[in-house]
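Heads up, the thing below is written out as structure tokens.
Bear in mind these aren't lab numbers, they're just calculated from the coordinates by the rules spelled out. Predicted model, so just to flag it, every value in this text is computed and none were measured. Positions of Cβ are backbone-derived with ideal geometry, glycine not excepted, and every protein chain shown enters the neighbour counts.
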Amino acid sequence: MKLFNAKNIGGALLGFVMLLGTMMVAGTTAQAQYPYPNQDQYRRQREWERAQRERERQAEIERQRQQQNDQWNRNNDRWNRNDQWNNRQGRRGRNWDGYGNYGGSYELRQTALNAGYNEGNRAGRNDRRSGRYDPTRSSAYRNATKDYNSRIGDRYAYQQYFRAAFENGYSDGYNGY
């Protein structure tokens, strides 16, 4: 009986190689699943970095929002300064003519403004001769319906326009303009 038979050596060698291959495959599988010795530390590090990026992103969004608000405030301040200047210059209303917007059609507005200014100017010139200044004393001011027609619109809006124009016309007539 031969102890070192080629079949015995080949079989043992084949068995050893298979055992070694199985161990290598099993080792690499385990290593692929757990590449780091302290997996939790790396997971916590990644979570912290993700949270840090989210905080930075939120801070950037807030910074942009603040810049937009600052720009809006600067524009709003500029517009308010323009409105204040325009109001000091007597420019208000929808046509920048010094009269407010009380609604109604263009025809209603223009009719009331023309009639009110003309009546006010006439009353102002008369009061200048007598030396007393009181635009509300006039019956035209109190009624505020000269040239009014219900077809052109609301009487209340007409009266508002009429009285505003009457006061301007009265002032101009009293001052000799």
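Table for the structure above
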{"quantity": "Space enclosed by the convex hull of the alpha-carbon atoms of region 119-177, per residue, Å³", "calculated": "66 Å³"}
{"quantity": "Packing-based ranking, highest mean first, of 154-167, 11-24, 116-129 given that Cβ atoms within 10 Å are counted", "calculated": "154-167, 116-129, 11-24"}
{"quantity": "Backbone HN-Hα couplings from phi across region 53-64 [Karplus 6.51/-1.76/1.60, Hz, Gly and Pro as x]", "calculated": "4, 5, 5, 5, 5, 5, 5, 5, 4, 5, 4, 5"}
{"quantity": "Net length gained if the chain between Q71 and A12 were fully extended (0.36 nm per residue, minus Cα distance)", "calculated": "12.8 nm"}
